[in-house]
Amino acid sequence: MPETPRRGSAIDAGLLAVLLTAVVARLWHLDAPLIDAHSWRQVTNADIARHFTSSLDLFHPQVSWGGRDGVVGMEFPLLQWTTGLLWRVTGESHIVARLVAVLFSVGGVGCLYGLGARLLGRAGGLAAAGLMAVAPSSVYFGRSFLSDMPMLTLMIAAVWAWDVYFAGANARRLAAAVTLTALAALVKL
């Protein structure tokens, strides 16, 4: 049986190092405008987030370029809504938008550690998380204002939650697994 992460207040130095590495890798050119690859989608996401600064109606995302009264059908706008909420406090900033993406991405690294440690022991969890922390596509998409990384993070969390559920089924664990799976699918179809 694989070794599971310890519970308690002890800080796992290995995990902390992996998470710090993930953060540092994703901070490269954090201040770059949203004009790198996939700029059309990043700018569209920023436009949607901008509209959420005035209306937090999560189920009626708006754009400036079309739709009925600006309302547009799209995937569940969790990334854009979260950014719009923060922009209400900080003001519109592409740096804040990228930081939201970074937080989702680093959260995915942490979830992969949890899943890996559960299935493969602590060393396996650290190896999996370490690879995700520095994988070029994970780093690039982890700092891009796109829904890809929130979807991946939610899906990793969902697989972890399903494993926990199947180890000891109860209604709370089932609800968590189903909710995470649904969110992952809705955030990026």
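Each residue in the stretch 50-77 was checked for being open to solvent by less than 40 Å² (accessible area, probe 1.4 Å) and either within 22 Å of D36 (Cβ to Cβ) or of a type in the set (V, I, T) (or both), and 4 pass.
Note on the stretch 123-181: residues that are under 17 Å from F104 (Cβ atoms) and among the aromatic types (F, W, Y) total 4. The requirement of being under 26 Å from L112 (Cα atoms), in contact with a His (Cβ under 9 Å, 6 or more places away or on another chain) and not basic (K, R) is fulfilled somewhere in the stretch 38-45, by at least one residue.
Please go through the stretch 123-154 and give me each residue that is open to solvent by 60 Å² or more (accessible area, probe 1.4 Å) and under 23 Å from D12 (Cβ atoms), ordered by number. Listed by number, the residues that qualify are A123, L131, V134, L152.
For the stretch 168-187, the condition of being of a type in the set (V, I, T), closer than 28 Å to D47 by Cα and surrounded by 20 or more Cβ atoms within 10 Å (Cβ to Cβ) holds for at least one residue.
If you go through the stretch 24-49 and keep only what is surrounded by fewer than 16 Cβ atoms within 10 Å (Cβ to Cβ) and either among the aromatic types (F, W, Y) or in a helix (DSSP H, G or I) (or both), you end up with V24, W28, S39, W40, R41, V43.
The values are calculated or read from the model by the stated rules, or taken from the named source; none is laboratory data. Just so you know, these numbers come straight off a predicted model, no measurement behind them. In this analysis, Cβ positions are derived from the backbone assuming ideal geometry, glycine residues included, and neighbour counts consider all displayed protein chains. Keep in mind that these areas ignore ligands, DNA and RNA; they rest on the heavy atoms of the full protein, side chains included. Shrake-Rupley method; radii C 1.70, N 1.55, O 1.52, S 1.80 Å.
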